[in-house]
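Contents: one structure, followed by commentary.
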């Protein structure tokens, strides 16, 4: 009985993982964000990219497709405090998991 329950939980987790692989995600870049907001960005889940890999020297975050508009609204209202064009990169599973 216990083994069946554990296996059932594994299948559920595996299904969630395989479903997530196929969903499109967006990488949002907070380029030229004011330095004094770095702690807010970090607390909100952004990561720093130092630019040595050819990508922008900037804070960035990956979000699910359905969460990107809310994240853009957060950046515009809390970080930039005005309407700005924000770089958004669409990512498929091929983009996210390539070597």
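Structure notes:
- Residue, surrounded by the fewest Cβ atoms within 10 Å (Cβ to Cβ), within the stretch 14-41, restricted to residues that are assigned to a loop (DSSP other than H, G, I, E, B) and at pLDDT below 95: 22
- Screening 87, 47 for residues that are loosely packed, with under 15 Cβ neighbours inside 10 Å, over 14 Å from residue 24 (Cβ atoms) and in contact (Cβ under 8 Å) with a residue 40 or more places away in the chain leaves exactly one candidate, 87.
The values are calculated or read from the model by the stated rules, or taken from the named source; none is laboratory data. As the structure is a prediction and not an experimental result, all values here were calculated from the model. Please note: Cβ atoms are built from the backbone with ideal geometry, for glycine as well, and neighbour counts cover all protein chains shown.
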